[in-house]
1. Can you confirm whether Gly393 is in contact with a Phe, Trp or Tyr (Cβ under 6 Å, 6 or more places away or on another chain), modelled with pLDDT of 95 or more, within 30 Å of Val94 (Cα to Cα) and buried (at least 23 other Cβ atoms within 10 Å of the Cβ)?
2. Every residue in region 304-323 that is touching a Gly at 6+ places or on another chain (Cβ under 9 Å) and not charged (D, E, K, R), please.
3. Is there any pair linking a residue in region 55-80 that is open to solvent by 10 Å² or more (accessible area, probe 1.4 Å) to one that is in a helix (DSSP H, G or I), with Cβ under 7 Å and at least six apart or on different chains, and which?
4. Among the residues of region 135-144, what is the count of those that are of a type outside the set (Ser, Thr, Tyr), open to solvent by less than 40 Å² (accessible area, probe 1.4 Å) and closer than 19 Å to Thr456 by Cα?
5. If you check Lys108, Lys104, which single one turns out to be in a loop (DSSP other than H, G, I, E, B), over 21 Å from the mean Cα position of the chain (by Cα) and modelled with pLDDT of 95 or more?
6. May I ask you to verify whether Ser98 is farther than 28 Å from Gln148 by Cα and either over 31 Å from the mean Cα position of the chain (by Cα) or surrounded by fewer than 21 Cβ atoms within 10 Å (Cβ to Cβ) (or both)?
7. In region 162-185, which residues are of a type in the set (Gly, Ala, Ser), touching a helix residue (DSSP H, G or I) at 6+ places or on another chain (Cβ under 6 Å) and in contact (Cβ under 8 Å) with a residue 60 or more places away in the chain?
8. Among residues belonging to region 394-407 that are outside any loop (DSSP other than H, G, I, E, B) and in contact with an Asp or Glu (Cβ under 9 Å, 6 or more places away or on another chain), point out the one that is farthest from Leu368 (Cα to Cα).
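The values are calculated or read from the model by the stated rules, or taken from the named source; none is laboratory data. Since the structure is predicted, the reported quantities are computational estimates derived from the model, not experimental observations. Counting neighbours? That spans all protein chains shown, and the Cβs are built from the backbone with ideal geometry, glycine included. When the accessible area is computed, the model is the full protein with side chains, heavy atoms only, and any ligands, DNA or RNA have been set aside. Shrake-Rupley method; radii C 1.70, N 1.55, O 1.52, S 1.80 Å.
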Amino acid sequence: MPEHFRITRNRREFICDAFCGFGALAYSSMYAASINNPLAPKRPHIEAKAKSVIFLFMAGGPSHIETFDPKPLLNKLNGEKRPATFGEAKYQYVNEASRCLGTKRTFKRYGKSGIEVSDLLPHIGEQIDDIAVIRSCHADMVVHSAAQYQLFSGRVIPGFPSMGSWVIYGLGSESEALPAYVVMPDPKGALEAGQPMYTQGFLPAIYQPTMFRPGPKPVLNLDLPSGVTLDQRRETLRLIKGLNEAGLKPEDDDFAARINSYDLAFKMQTEAPAIFDLSNEPEKTREMYGIGKEPTDDYGRRCLMARRLVEKGVRFVCVVSGGGPGNMQWDAHEDIEENHNRMAPQTDQPVGALLQDLKRRGLLDSTLVLWGGEFGRSPESQGAKGRDHHNYGFSMWMAGGGIKGGQVVGATDEIGLKATVNPVHFRDIHTTVLHQLGLEQDGLSYLHQGRKERLTEVHGKVIDQIV
């Protein structure tokens, strides 16, 4: 039999034959694509109900008692010592002089579900039938930095990947011209945990977030320099990429991420400016988000940007409310009324508009929206009018992305001190987010220093009631 008609007789010949034909071309093309673009879309482990996440991070710790968890008994006990029957709780500043502090807020039942929401958040209340309120959240830390690390990464120390980085490590991105993971900080300044809480930790640098700037230009220098054509810029980048790749070592993840950033920046110059230009949105949409008026203009712009980003395939967006020193966040140590009456109006209308806008565009089914802070506030007073940090029981909520809205999960006790019914830890929040995206907590792992690490250090539970 002629040699070119020879039948494959063993494994070595099979490999040789396969890599000398069209199979080799296909394989090499697929392999090159996977190496050059680690953010290419990946298949989920299980059936996914959501494709993207918007995390509305209320930094500093919004009070559950003033927002989603009414406590009539606390109002009756106002000014009295906390009854011993509720047990003990350790705080930073609550002490022997502290007394039960009732709320001045009123609550109203909204929607067909009749869930009670504070008068601070009427626009969110109007969307309550799409929201699952989790009243029994709890966590391990009572200081901002450690609690923020745990909220984002599942650990109370820095150096571990945030859930945004885990998500794009597991699923990649559906957009080639925009970052896969975006954080939009509050313009008033940094938080206690700083940028490390958002970052990729020990994951390859390609999974780091892109930090947008506050104001009308979230990304600078998107326009081509004067006198430079698109073809000239393309040739410049091709040269830079070639020079960089000539010295690239396989284990140099940071350098590989830097090379990728040049490619992404060029694509953003050609495609992203239109996305950042909110003037091309209908005026009614901008008004719905509260853009163009105070105090909603800033957070409204960022919420609208979040919708536009997920619409274009961005996988994870974090929109931060609160920044700078304590009282500029939801950190109401001195006066709960002054703080929350200032912070809530900045976000309520934009958040309500975001849910409404996602729904009318058919995006709410595929976009999981998460709202909450790193802890709640104490039912006892700090000083005369403030509330201390409180990690024993507080509220968060989820909407969209296959979440069954119009219901309440769990409960705190009668004064809001501790989660008593169906307690939900941050790891359960993380597990539920991953589950809706089609990711299993064990399947989403990374070998680091000889140990398979995952977002949920200890096994979390899916919140079955809402999925």
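1. On the way: in contact with a Phe, Trp or Tyr (Cβ under 6 Å, 6 or more places away or on another chain): no; modelled with pLDDT of 95 or more: yes; within 30 Å of Val94 (Cα to Cα): yes; buried (at least 23 other Cβ atoms within 10 Å of the Cβ): yes.
In short, no.
2. To start, the set of residues in region 304-323 that are touching a Gly at 6+ places or on another chain (Cβ under 9 Å) comprises 315-318, 321-323.
Within region 304-323, Phe316, Val317, Cys318, Ser321, Gly322, Gly323 meet the criteria.
3. Short answer, once both residue conditions are applied: none.
4. So the count comes out to 2.
5. Numbers: Lys108 fails: in a loop (DSSP other than H, G, I, E, B).
Answer to the selection: Lys104.
6. For Ser98, the condition - farther than 28 Å from Gln148 by Cα and either over 31 Å from the mean Cα position of the chain (by Cα) or surrounded by fewer than 21 Cβ atoms within 10 Å (Cβ to Cβ) (or both) - is not met.
7. Of region 162-185, the ones of a type in the set (Gly, Ala, Ser) are 162, 164-165, 170, 172-173, 175, 177, 180.
Of the ones still in play, those that are also touching a helix residue (DSSP H, G or I) at 6+ places or on another chain (Cβ under 6 Å) are 162, 165, 177, 180.
Of everything in region 162-185, those that are of a type in the set (Gly, Ala, Ser), touching a helix residue (DSSP H, G or I) at 6+ places or on another chain (Cβ under 6 Å) and in contact (Cβ under 8 Å) with a residue 60 or more places away in the chain turn out to be Ala177, Ala180.
8. We begin by selecting, within region 394-407, every residue outside any loop (DSSP other than H, G, I, E, B); these are 394-399, 407.
So of that shortlist, the ones also in contact with an Asp or Glu (Cβ under 9 Å, 6 or more places away or on another chain) come out as 394-395, 399.
Details: Phe394: 20, Ser395: 17, Ala399: 6 Å.
Among those that are outside any loop (DSSP other than H, G, I, E, B) and in contact with an Asp or Glu (Cβ under 9 Å, 6 or more places away or on another chain), it is Phe394.
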